[in-house]
């Protein structure tokens, strides 16, 4: 842990000690005032999860239908290797001989 890490940890422990040093009724009032922020944080996490679920529920079935409809078509493109045009298919593997010259 760096020096800054120790400083932050020390500050955290100081705040924690101050909060625990308060009487119970004061901590309850502090919690009541913090409650709206805690609820908003929880609601934003729920909103992120819901939007991610909606994204997946809408796109995955369309992706599967399109994949089934299009089949396993492979896109081919032409590249130039050592001055010769070579047709390379996406996802296809090609054996390449390598000669190391020292």
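Every number here is computed from the coordinates shown, using simple stated rules; none is lab data. What you see is a predicted model, and the numbers here were worked out from it, not measured in a lab. Note: ideal-geometry Cβ built from the backbone for every residue, glycine included; neighbour counts use all protein chains shown.
Put in order of Cβ neighbour count within 10 Å, fewest first, the listed residues 99, 67 become 99, 67.
Hey, with R₀ at 35 Å, roughly what FRET efficiency would residue 70 and residue 35 work out to, going by the Cβ-Cβ distance, to 0.05? It comes to 0.10. Note on residue 25 and residue 3: the extension gain reaches 4.3 nm, defined as 0.36 nm multiplied by sequence separation minus the Cα-Cα distance.
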